[in-house]
Amino acid sequence: QLQASGGGLVLTGGSLSLSCTASARTFNDLSLGWFRQAPGKEREFVTAMRWSGGGPYYADSVKGRFTISRDRAKKTVNLQMNNLNAEDTAVYYCAASYRLIVGLMHRHDRYPYWGQGTLVTVSS
């Protein structure tokens, strides 16, 4: 089970942090990712990492601005988003998958477990 939180309204150039709490039977071989979906657009990959620490991997559109991290004690995966712009406006989802190879971590159809989504709105 995944529970995302932290969305909201932010001005262009601002920052926002998202968090996803994971309740898993096991964290072995677990990959966690963030995806987003803007109105009228396909769901797109943002970033992902292995719970064990492998990665992270980022979409080109967010490299240098977004950072994914995990907190073992809290069992959360976090997304720090800096220098936000209007193109970042979307519903953000955290997702999880087991035994996912690196080459498929950007594929949303490879993640069977999803959080409920949290809306990020970037306004000028």
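The values are calculated or read from the model by the stated rules, or taken from the named source; none is laboratory data. Since the structure is predicted, the reported quantities are computational estimates derived from the model, not experimental observations. A quick note on method: Cβ atoms are made from the backbone with ideal geometry, for glycine too, and the neighbour counts reach across all protein chains shown. The protein model used for the area step is the full one, side chains on, heavy atoms only, and it has no ligands, DNA or RNA in it. Shrake-Rupley method; radii C 1.70, N 1.55, O 1.52, S 1.80 Å.
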Which ones in the range 82-112 are over 14 Å from VAL62 (Cβ atoms), in contact with a Leu (Cβ under 8 Å, 6 or more places away or on another chain) and assigned to a loop (DSSP other than H, G, I, E, B)?
-> TYR111
Identify the residue in the range 92-124 that is under 15 Å from the mean Cα position of the chain (by Cα) and polar (S, T, N, Q) and, among all such residues, is surrounded by the most Cβ atoms within 10 Å (Cβ to Cβ).
-> THR118
Just checking, how many residues over the range 1-16 are farther than 15 Å from GLY115 by Cβ and polar (S, T, N, Q)?
-> 2
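State whether one or more residues within the range 39-46 are small (Gly, Ala, Ser) and either more than 17 Å from TYR93 (Cβ to Cβ) or open to solvent by less than 70 Å² (accessible area, probe 1.4 Å) (or both). Give the derivation first.
As a first pass, look at the range 39-46 and keep what is small (Gly, Ala, Ser): 40.
Narrowing further to those that are either more than 17 Å from TYR93 (Cβ to Cβ) or open to solvent by less than 70 Å² (accessible area, probe 1.4 Å) (or both): none.
No; the residues of the range 39-46 include none that is small (Gly, Ala, Ser) and either more than 17 Å from TYR93 (Cβ to Cβ) or open to solvent by less than 70 Å² (accessible area, probe 1.4 Å) (or both).
State yes or no: is THR67 open to solvent by 60 Å² or more (accessible area, probe 1.4 Å), farther than 18 Å from ARG107 by Cβ and in contact with a helix residue (DSSP H, G or I) (Cβ under 7 Å, 6 or more places away or on another chain)? Write out each step before concluding.
On the way: open to solvent by 60 Å² or more (accessible area, probe 1.4 Å): yes; farther than 18 Å from ARG107 by Cβ: yes; in contact with a helix residue (DSSP H, G or I) (Cβ under 7 Å, 6 or more places away or on another chain): no.
So THR67 does not fit the description; no.
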Confirm whether LEU30 is open to solvent by less than 30 Å² (accessible area, probe 1.4 Å), touching a residue at least 40 places away in the same chain (Cβ under 8 Å), aliphatic (A, V, I, L, M) and over 21 Å from TYR113 (Cα atoms).
-> no
Hits in the range 70-91 (condition: open to solvent by 40 Å² or more (accessible area, probe 1.4 Å), touching a strand residue (DSSP E or B) at 6+ places or on another chain (Cβ under 6 Å) and farther than 22 Å from LEU11 by Cβ) | ARG70, LYS75
Expected output for the range 111-123 (first residue free of Cβ contacts under 8 Å to residues at least 40 places away in the same chain, partner of a type in the set (A, V, I, L, M, F, W, C), Cβ below 9 Å, 6+ apart or cross-chain) is PRO112/ALA95; PRO112/ALA96
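Kindly provide the set of residues from the range 30-42 that are more than 14 Å from ARG72 (Cα to Cα) and over 12 Å from the mean Cα position of the chain (by Cα), ordered by number. Give the steps one after another, and end with the answer.
So the first thing to find is which residues in the range 30-42 are more than 14 Å from ARG72 (Cα to Cα), and the list is 33-42.
Once the filter is applied, which keeps residues that are more than 14 Å from ARG72 (Cα to Cα) and over 12 Å from the mean Cα position of the chain (by Cα), the range 30-42 yields ALA38, PRO39, GLY40, LYS41, GLU42.
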